[in-house]
Amino acid sequence: MRFLMITLIVHAPHPVTGVRKSTYDRFREVVDNALIAEELGFDGFGVGERHERPFISSSPPVVLSHIAALTSRIRLFTAVTTLSLLDPVRAYEDYATLDHLSAGRLELIIGKGNGTAQRELFHVTSEDQWDRNAESYELFRRLWREEKVTATPRFRPRLTEAEVWPRPLQQPIRVWHGSATSRESVDLAARYGDPLFSANVTNAIEPYAELVRHYRERWAEYGHDPAAAVVGAGSAGYYADRRSQDAVAAYRPVFEGQLAFQRRLGLEPVFPTLEDFVERSSALIGSPQQIIEKVHRYHEQFGHSVMHLHADAGGLTDAQHRDSLELFQSDIAPVLRREIPDPPWGWGPVTPEPVSAIPEG
């Protein structure tokens with residue numbers, strides 16, 4: 001099994017103290033967490049894309065390019081690239097450039113995105129967002145693979161023998177499809193033989209497990225080898241301590257602060273108590289053994305081989321956050337790596353072809 005740390009770069013008041021960091025400090029925190037992820041041995045670091053408050057993750061290519069310059073091993077993910085809002089030509093240019101700057105460590109998780117405000121910002125309607133997502137992905141996919149593209153898309157101007165530069169380093173790039181509640185994303189992933197990443201953070205397991213089952217069914221119907229279907233899954237929160245009682249006690253003020261924040265936004269919490277959150281959500285809070293057992297319970301439903309943890313402290317102190325991540329790598333990850341298989345592909349960076357010398361004259 002492989003493990004990612006992911007941030008949506010929420011820019012909100014601290015759930016316990018109520019203090020909100022400056023934008024500069026929040027971005028600095030994201031970069032520091034990426035460096036911690038590489039230092040501690042995580043396999044990937046992901047940055048989301050949102051175009052509305054309270055998020056400041058509107059430009060993941062820029063953030064990931066900076067992280068790429070400061071790291072050498074960890075794979076870099078988008079989580080998710082909102083192709084329903086983007087011109088696929090411009091998205092291709094950004095990510096083909098980042099592919100080179102990261103030495104082939106880039107992977108994309110795409111999706112239509114969530115949120116009414118960002119949809120309105122880009123003049124995308126609830127009726128056409130799925131069609132836009134599918135069209136943008138199909139064109140992005142062709143641009144990545146073909147040196148010249150002719151196409152008559154519905155949502156952007158026609159392309160005629162279009163050449164788009166730079167050509168990418170990875171050929172092809174791995175693209176995951178992020179899915180929270182919809183069968184459209186699941187079907188698109190299955191159609192193209194791409195891996196699926198279940199959001200799996202808002203509700204209990206049942207609706208997500210149903211979508212994963214649908215993905216595997218559609219995968220087989222499209223003629224792909226059932227053994228080659230790959231699923232990743234998120235987690236709603238993480239904090240581990242040697243004793244489960246200590247983990248729950250440390251996380252309680254964080255949960256209560258998050259609960260209050262949801263209610264200020266007018267949202268009715270799905271999990272009204274911490275005990276319910278620990279029991280029924282995908283949150284991993286407790287002793288190492290409890291967390292290992294819970295991941296296995298989810299694996300029985302999803303069959304996933306990649307999992308993400310939140311990169312942000314989210315209300316924990318910096319010391320608590322780091323100690324908990326170190327405990328994950330020392331006591332939890334080795335067991336899960338041993339007991340749950342990896343995806344059926346390599347995980348290291350691409351080795352670029354040597355550049356031929358330019359002859360004199």
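E210 meets each of the listed conditions (1) more than 23 Å from the chain's Cα centre (by Cα); (2) without any contact (Cβ under 8 Å) to a residue 12 or more places away in the chain apart from (1).
Number of residues in the stretch 81-104 that are among the hydrophobic types (A, V, I, L, M, F, W, C), over 25 Å from A151 (Cα atoms) and in a loop (DSSP other than H, G, I, E, B) equals 1. Any chance the stretch 72-86 includes a residue that's surrounded by 18 or more Cβ atoms within 10 Å (Cβ to Cβ), of a type in the set (G, A, S) and on the phi < 0 side of the Ramachandran plot? Yes, some residue in the stretch 72-86 is surrounded by 18 or more Cβ atoms within 10 Å (Cβ to Cβ), of a type in the set (G, A, S) and on the phi < 0 side of the Ramachandran plot. Number of residues in the stretch 192-202 that are crowded, with 17+ Cβ neighbours inside 10 Å and either touching a helix residue (DSSP H, G or I) at 6+ places or on another chain (Cβ under 8 Å) or modelled with pLDDT of 95 or more (or both): the value is 7.
Among the residues of the stretch 42-71, write down those that are more than 19 Å from A233 (Cα to Cα) and touching a residue at least 60 places away in the same chain (Cβ under 8 Å). If you could, list the steps in order and put the result at the bottom.
Our first condition is that a residue be more than 19 Å from A233 (Cα to Cα); within the stretch 42-71, this holds for 50-71.
R50, H51, E52, R53 - these are the residues of the stretch 42-71 that are more than 19 Å from A233 (Cα to Cα) and touching a residue at least 60 places away in the same chain (Cβ under 8 Å).
Within the stretch 23-38, is there a residue that is modelled with pLDDT of 95 or more and outside any helix (DSSP H, G or I)? Checked the stretch 23-38: no residue is modelled with pLDDT of 95 or more and outside any helix (DSSP H, G or I).
Of everything in the stretch 280-326, what is assigned to a strand (DSSP E or B) and hydrophobic (A, V, I, L, M, F, W, C)? Give them in sequence order.
At the first step, the residues of the stretch 280-326 found to be assigned to a strand (DSSP E or B) are 284-286, 306-310, 314, 316.
Matches in the stretch 280-326: L284, I285, V306, M307, L309, L316.
Among the conditions (1) closer than 10 Å to D312 by Cα; (2) of a type in the set (S, T, N, Q); (3) free of Cβ contacts under 8 Å to residues at least 12 places away in the same chain, the only one that T17 does not satisfy is (1).
The values are calculated or read from the model by the stated rules, or taken from the named source; none is laboratory data. This is a predicted model, so every value here is computed, not measured. Here Cβ is always computed from backbone atoms with ideal geometry, including for glycine, and neighbour counts include all displayed protein chains.
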